[in-house]
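The values are calculated or read from the model by the stated rules, or taken from the named source; none is laboratory data. Everything quoted here is computed from the prediction, not taken from an experiment. Neighbour counts run over all protein chains shown; Cβ positions are idealised from the backbone, glycine included.
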Amino acid sequence: MATKQLDTLETVTVRFAGDSGDGMQITGDQFTNTTAILGNDLATFPDYPAEIRAPAGTLPGVSGFQVHFASNEIFTPGDQPDVLVAMNPAALKVNLKDLTAGCMVIVDTDAFDARNLQKAGYAKSPLEDGSLSAFKVYAVPLTSYTESNLKDVDLSVKEKRRCKNFFALGMMYWLYSRPIENTLDWIEQKWGKKLPEIAKANRTAMKAGYAYCDASEEFQVRFEVPPAPQTPGTYRNIMGNDALALGLVAASVRAQVPIFYGSYPITPASNILHALARYKNFGVITFQAEDEIAAVTSAIGASFGGNIGITGSSGPGIALKGEGIGLAVMVELPLVIINVQRAGPSTGMPTKTEQADLWQAVLGRNGEAPVPVLAPQSPADCFEMAFEAVRIATKYMVPVMLLSDGYIANGSEPWRLPDSFASLPEVPIRYRTEKEGFHAYGRDESTLARPWVKPGTPGLEHRIGGLEKQHLTGNISYDPANHQRMTKLRAEKVERVVADVPDVPVFGPERGRLLMVGWGGTFGSIHSAVRRAQRAGLSVAQIHLRYLNPFPKNLGQVLGSYDQVAVAELNGGQLRMLLRAKYLVDAIGINKVEGQPFKVRELLARIEELSA
Amino acid sequence: MTPATPTLTKKDFVSDQQVRWCPGCGDYAILNSMQQAFAEMGIAREDIVVVSGIGCAARFPYYVEAYGFHTIHGRAPAIATGLKLSRPELSVWVVGGDGDMLSIGGNHLLHALRRNVSLKILCFNNEIYGLTKGQASPTSAFGKTTYSTPMGTVDRPINPISVALAAEATFVARTVDVAGEHLKATMMRAAKHEGSCFVEILQNCVIFNDGVFDKVTNRDTKEESVLPLEHGKPMRFGKDRARGLRLRGLKPEVVTVGEQGVTESDLLLHDESDRSLAYLLSRMDKESFPTPVGVFLSQQLPSYERGVMGQIERARAKRAGDLMELLHEGDTWTVRA
């Protein structure tokens, strides 16, 4: 075996692409987990079709998984891949537009037959017509190599061929000097007992892929990406929806009050329901409701009973929940509403990301019905913000909207685990039991929260409902002055949540030419662009809002400290309008609704333009 | 929970709120009988919760001195389901009208019943929208002239009992607003039932649909118009219980005992455990048959909340949740200082 050259890289972006049945998400997950354990900083982004199995070999059926890893701090899954693994012509064609000159492209030549080329709309094979000359193409008969290495495995030819993703994974492990042991363990756990032949086949295929690169003349250089400096602590790699589910459970354990999660299946929120359904040993009640309305109203019923009622969905489902959320506003019960936003309107593009439900969250109910609105800024941040949503909802007896999005819900990054149980904030919940001086709509002086009384408490029998309540007694009231007073009280209660909203930190100079403002899942892209601009000497700062109602106390002052304020968001300008309305700031918008996250380079271009 | 106070009376369930139904409304009679039933159920007052949707009937919780939740239109069964799952020990009553439950809330009713959640769902059926002032409801008779249907309805009504049976409810009954003792007795049975209860209460709307159930409430006609259902007994009705119900093939027919050789042994026996029989009874048309009143079906099946809580208990028994262990699940790595 010839000695191969070993080059050190700071950052690499790998994209796996194939048919939705080719196992690209598993391949990406495995590569990511191994990379995480090696101590690289990383961010991932799966991009998959809505169809479970679109026709094989077609453009709509292409499923992709991108992982960006580095020896320094990174914040996005990368604008464009450094290496593309394309399992068929369609996967190559779909991803070609994102490739830059010099990109490494590994293709499975076995999949480039006449039928697949035609399905992908290629008149002639791109491997032969010179159209890929700008790239370093590695044409490998992945399928037949996989098959020939699995001679001794007792599986059908079709089953053997399906192991080709592990062959490709083995190649990538070799190329980027990653150990295969972690995936070997995973294969054993997943199939070892139930399907030992499948386990054997996948192990063998992965080792064969690794060995192939090691032996092949074609692969002369391999790379290493040293670990990134990370804050000391214990880490795991986590997807946003999983972190969100864990945040809810953590708040429940901290409060010692069970959570009730009412939900109706919807992309991209369903896996929160799946995750929580596994946590029954924490007393979590999951309820797959008959529709979105029952999902929210059952959660309100559970809150009335003294549980922490939570519902989760995406935009179309949130629209259906609107009346229920208004009821929770009126009866002043805690409720957490999770919206994992997707591209809209209507059914829109369910698997694609967008931030266009901000107005819906802040304004989208009949009557004056304000609710606190929170938004996590990255996959790992979903843990903290879900926890915060529960804490605020129970402290203020108010429904809280949590705005995640498809990008951070399915994306992943390393998450530094809480050091100890005691390091989690307290979630003090107190149910009223004293009869003396009880008023169903009496209020806590500082938070304006009304008392939470569990049915079953003797002597505190009372009625609540959606009709306007008389101050203190909670009796039905049509009194004009009372309606004015109660409307004001409900609004003021939400405003007082600001006591629990930290000041927004400024990244960069405290005064200057340009302030970049963002919210929610776009943090990574904006932050990466701002850092680059700052390194290039531009006078630009960044703030990123995780609290959208009420806004942080210092926001007005910060917005006024720059010559120009630009709001970057994946919608037509929703935060921008709210900021302009509240702070009279002449902010300009950087907006995009392509169902895709911002690319760092497109934001950087705008920053350069605006700082000029 | 606290043991039931043995000395509860009807008065203990009268709230301080002024009742605001129209004078003569059937809801007064229902409220009165219900308050009596609550007092006699042997359930502590604080453990009783009345959940309602929107409509005249839905004002009910305000008038009952217990825990109450007046929610939004149609959603009471869903809210009550969440409540029951969070607090299975409570006695949860759901009150609504025919529009609330069978129109806007039809989906929730269907699923609360089929899941077999232990909710006592009471549908006050007056075959009209009252609170919104007299529009046709999903139970309004075909051709009914109302404000929204000046030339008569052209949509066919739904049959609440048939719907409940088809939705797999495990306790299905019908009673009448003014039949105080029967109504109370039906509630007492519902209170004891584990699983989903659906009780249709025929209720007169004195303003918009007055007299709609006259045949079954009027002293002169009710004997001939009501078929009392009693488990294990032959189906007899009418003056001197002379008339009865017989099955010919799969079709019921009304016969007179002692005429044309008909004896009591020819009559159908009521069997509360037979869903098909219950359905057959629910389908008898009002013109040719008496209106069955009583318990159509009572079936013992484990409730939904029992299933949900059972899974949680099993999961906990297997491995009690440890949060830090959960957070550290999967592959982790440690960066040293």
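Scanning segment A:447-469 for residues that are assigned to a strand (DSSP E or B), hydrophobic (A, V, I, L, M, F, W, C) and more than 7 Å from every other protein chain (Cβ to nearest Cβ) gives a single hit, A:452.
Restricting the search to helices (runs of 4 or more DSSP H) fully inside segment B:130-220 and requiring at least 1 residues that are more than 20 Å from residue B:38 (Cα to Cα) gives B:160-166, B:214-217.
Of the strands (runs of 3 or more DSSP E) lying entirely inside segment B:41-108, the ones with 2 or more residues being within 9 Å of chain A (Cβ to nearest Cβ) are found at B:48-52, B:67-70.
Among the residues of segment B:315-324, those that are assigned to a helix (DSSP H, G or I), of a type in the set (A, V, I, L, M, F, W, C) and within 7 Å of chain A (Cβ to nearest Cβ) comprise B:315, B:323, B:324. Taking the criterion of being more than 20 Å from residue A:364 (Cα to Cα) and part of a loop (DSSP other than H, G, I, E, B), would at least one residue in segment A:557-573 satisfy it? Scanning segment A:557-573 turns up at least one residue that is more than 20 Å from residue A:364 (Cα to Cα) and part of a loop (DSSP other than H, G, I, E, B). Of everything in segment B:109-135 that is among the charged types (D, E, K, R) and within 12 Å of chain A (Cβ to nearest Cβ), the residue that is farthest from residue B:207 (Cα to Cα) is B:115. Scanning segment B:272-314 for residues being without any contact (Cβ under 8 Å) to a residue 40 or more places away in the chain, within 14 Å of another protein chain (Cβ to nearest Cβ) and of a type outside the set (Lys, Arg) gives a total of 5.
Counting only residues that are among the aliphatic types (A, V, I, L, M) and over 15 Å from residue B:249 (Cα atoms), segment B:270-283 holds 1 of them.
Of all the criteria given as (1) out of contact with any Leu (no Cβ under 9 Å at 6 or more places or on another chain); (2) under 30 Å from residue A:379 (Cα atoms), the one not satisfied by residue A:444 is (2). The set of residues from segment B:112-129 being among the charged types (D, E, K, R) and either in contact with a Gly (Cβ under 9 Å, 6 or more places away or on another chain) or not in a loop (DSSP other than H, G, I, E, B) (or both) comprises B:114, B:115, B:120. Of the strands (runs of 3 or more DSSP E) entirely within segment A:1-75, none holds at least 2 residues that are free of Cβ contacts under 8 Å to residues at least 40 places away in the same chain.
For segment A:95-192, no helices (runs of 4 or more DSSP H) sit wholly inside it while including 2 or more residues that are β-branched (Val, Ile, Thr), surrounded by fewer than 15 Cβ atoms within 10 Å (Cβ to Cβ) and not assigned by TED's automatic domain parsing to the domain that holds residue A:24.
For segment A:292-305, a residue qualifies if it is within 7 Å of chain B (Cβ to nearest Cβ) and within 13 Å of residue B:69 (Cβ to Cβ), and the qualifying residues are A:297, A:298, A:300, A:301, A:302, A:304, A:305.
Results for (1) in the same structural domain as residue A:361 (by TED's automatic domain parsing); (2) of a type in the set (Val, Ile, Thr); (3) farther than 28 Å from residue A:342 by Cα; (4) touching a helix residue (DSSP H, G or I) at 6+ places or on another chain (Cβ under 8 Å), shown as yes or no for each residue.
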site	(1), (2), (3), (4)
A:533	no, no, yes, yes
A:541	no, no, yes, yes
A:563	no, no, yes, no
A:585	no, yes, yes, yes
A:607	no, yes, no, yes
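The single condition among (1) among the β-branched types (Val, Ile, Thr); (2) over 24 Å from the mean Cα position of the chain (by Cα); (3) more than 14 Å from chain B (Cβ to nearest Cβ) that residue A:347 does not satisfy is (2).
Checking residue A:217 against (1) part of a helix (DSSP H, G or I); (2) surrounded by fewer than 21 Cβ atoms within 10 Å (Cβ to Cβ); (3) more than 14 Å from chain B (Cβ to nearest Cβ), only one condition comes out false. Which one? The number of the failed condition is (1).
Scanning segment A:292-315 turns up at least one residue that is of a type in the set (Asp, Glu) and over 18 Å from residue A:369 (Cα atoms). Got a sec? Which of B:194, B:200, B:230 is closer than 16 Å to residue B:295 by Cβ and in contact with a Cys (Cβ under 7 Å, 6 or more places away or on another chain)? Exactly one residue qualifies, and that residue is B:200.
Which residue out of B:327, B:268, B:245 is of a type in the set (A, V, I, L, M, F, W, C), touching a Leu at 6+ places or on another chain (Cβ under 7 Å) and within 14 Å of chain A (Cβ to nearest Cβ)?
B:327
Quick check on residue B:159: is it touching a Lys or Arg at 6+ places or on another chain (Cβ under 8 Å), in contact (Cβ under 8 Å) with a residue 24 or more places away in the chain and not acidic (Asp, Glu)? Considered against the rule, which asks whether it is touching a Lys or Arg at 6+ places or on another chain (Cβ under 8 Å), in contact (Cβ under 8 Å) with a residue 24 or more places away in the chain and not acidic (Asp, Glu), residue B:159 comes out as yes. Considering each residue of segment A:414-430 in turn, none proves to be buried (at least 24 other Cβ atoms within 10 Å of the Cβ) and of a type in the set (Gly, Ala, Ser).
Among the criteria (1) within 14 Å of chain B (Cβ to nearest Cβ); (2) charged (D, E, K, R); (3) in a helix (DSSP H, G or I), the one residue A:203 does not fulfil is (1). Taking the listed residues A:319, A:277, the one that is under 24 Å from residue B:317 (Cα atoms) and either at the interface with chain B (Cβ under 7 Å from one of its Cβ atoms) or modelled with pLDDT of 95 or more (or both) is A:277, with no other qualifying.
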